Amino acid sequence: MPAVTTVKPMLELLFLLLPLAAFSGWLLGRRAFVSKAIRKFIHLNPLLNRNPSKTADPFVQFMESNQETVETHLALGGLFRRRGEVDKAVGIHQNLIAKSSLTEAERALSLLELSRDYMRAGVLDRAENVLLGLVEQGQELDAGFQHLIEIYQQSKDWLRAIETAEKWQLRTKRNMSHHIAHFYCELAEQQWLKGEREEACHYLNQALQVNQQCVRASLLLGNIEAQSGQYTAAIKAYKQIQKQDQAFLSEIILPLARCYENLNNTEDMIKYFNKDLQKHLTTAAVLAFADWLYKTKGEGEAMQFVIQHLRKNPSLRGLNRLVQFSMIRAEGTIQQDLVLFQELIEKMLLNKPLYRCQSCGFSGRTLQWQCPSCRRWDVIKPIQE
């Protein structure tokens, strides 16, 4: 009898749990069905890819009647934004934000997506307001600060960019020194163009305080000092680049040599080159020094210097410069042959890049401090031949 009395309550409990189990199964099945239908609609329906404006409207209405499609709202809004239909993306994300059932994290993510819609539409002030609200609440900090900096870079508001980068660094411990140094350099260039030398130098010194390895700041400081006739100060600034990044030595040889010339001290330039630069030479640096030798010592010494380098490190650019020097003395048919030879070499060099991004591989013939492809700072360097 005790066994029977024990079994009976268990059976009653089982019968009570059956409806609950059935309802749970139905709910899970419904969610799976909705999720599967949504994924199929987005990924398999070719009409959405060809004409989302006509195809997606019924689907948006379907989503608005369902409280379980937050991720899908975000996905579809992102799809419209990538398609260039920013107004539809904004509408989807605004409708989503208006839902009272969103969690705090879901609302923050929705606001972040809305800010991206505004950025894509070029409405930077609205995007900025949304992002400022997010970071002030401590939500989506990395993405929020990143987009704010993108906005300030686009609008060239470098002081706000510096302020934002410093806040990002303080609140997340993320190293933003490279960015901040370049923002100071941008301010320095603006001031220098206005003729404000002292203000420009102040910003460059700020850049070097933030990031002692900032090649751009040293190069700009050297250029400003040289143009102002402060050749000794310019030499000091240029020489810092050897310690910061030897890949950029080719950028300083000619301006450094001009400073020594203006001080009537070309011998010190040669001593500095032989003592400190010879061991770190790239083809670009060799050619820069060869051009200076040609100007100050004549084509004979310039030719010998290039030949010495070519024996160790053959390169088309070095060979081209050697041919140019040889043409100065050549006459008759030899000169004609050298002209043809040079034309062939220059055709081979015509589209050959001089600088390359170490991050994404973008290449070009002019030095840019921010890669136009991956938008990163301090990643483009002279190509080492």
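The values are calculated or read from the model by the stated rules, or taken from the named source; none is laboratory data. Everything quoted here is computed from the prediction, not taken from an experiment. Positions of Cβ are generated from backbone atoms using ideal geometry, with glycine treated the same way; all protein chains shown enter the neighbour counts. With ligands, DNA and RNA removed, areas are computed over all heavy atoms of the protein, side chains included. Shrake-Rupley method; radii C 1.70, N 1.55, O 1.52, S 1.80 Å.
Out of all the residues in the range 79-90, which are part of a helix (DSSP H, G or I) and either farther than 13 Å from Met119 by Cβ or of a type in the set (Lys, Arg) (or both)? Hits for the range 79-90 are Leu79, Phe80, Arg81, Arg82, Arg83, Asp87, Lys88. Listed by first and then second residue, the pairs with beta-carbon distance under 9 Å, at least 6 apart or on different chains, first residue in the range 291-316 and within 17 Å of Leu281 (Cα to Cα) and touching a residue at least 24 places away in the same chain (Cβ under 8 Å), second open to solvent by 30 Å² or more (accessible area, probe 1.4 Å) and in a helix (DSSP H, G or I), are Asp291/Leu254; Asp291/Arg321; Trp292/Leu254; Trp292/Arg258; Trp292/Glu261; Trp292/Thr266; Leu316/Met348. Restricting attention to the range 325-336, the residues that are open to solvent by less than 100 Å² (accessible area, probe 1.4 Å) and without any contact (Cβ under 8 Å) to a residue 12 or more places away in the chain add up to 4.
Give the residues of the range 158-204 that are open to solvent by 70 Å² or more (accessible area, probe 1.4 Å), without any contact (Cβ under 8 Å) to a residue 40 or more places away in the chain and under 23 Å from Gln368 (Cβ atoms), sorted by residue number. Residues satisfying the conditions are Leu159, Arg160, Asn175, Trp192, Leu193, Lys194.
Residues of the range 280-305 that are β-branched (Val, Ile, Thr) and open to solvent by 30 Å² or more (accessible area, probe 1.4 Å): Thr296 alone. Could you grab the pairs with beta carbons closer than 8 Å, sequence gap of 6+ or different chains, first residue in the range 250-273 and basic (Lys, Arg), second one open to solvent by 20 Å² or more (accessible area, probe 1.4 Å)? From residues that are basic (Lys, Arg), the pairs are Arg258/Ala226. Is one or more of the residues making up the range 272-282 in contact with a strand residue (DSSP E or B) (Cβ under 7 Å, 6 or more places away or on another chain), on the phi < 0 side of the Ramachandran plot and not polar (S, T, N, Q)? No.
When Phe325 is tested against (1) at positive phi; (2) touching a helix residue (DSSP H, G or I) at 6+ places or on another chain (Cβ under 7 Å), just one condition goes unmet, and that condition is (1).
Condition check ((1) at pLDDT 90 or above; (2) under 30 Å from Val215 (Cβ atoms); (3) over 17 Å from the mean Cα position of the chain (by Cα); (4) not in a loop (DSSP other than H, G, I, E, B)) across all residues:
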| residue | (1), (2), (3), (4) |
| --- | --- |
| Leu96 | no, no, yes, yes |
| Ser101 | no, no, yes, no |
| Leu111 | yes, no, yes, yes |
| Asn129 | yes, no, yes, yes |
| Leu159 | yes, yes, yes, yes |
| Glu166 | yes, yes, yes, yes |
| Gln169 | yes, yes, yes, yes |
| Ala181 | yes, yes, no, yes |
| Trp192 | yes, yes, yes, yes |
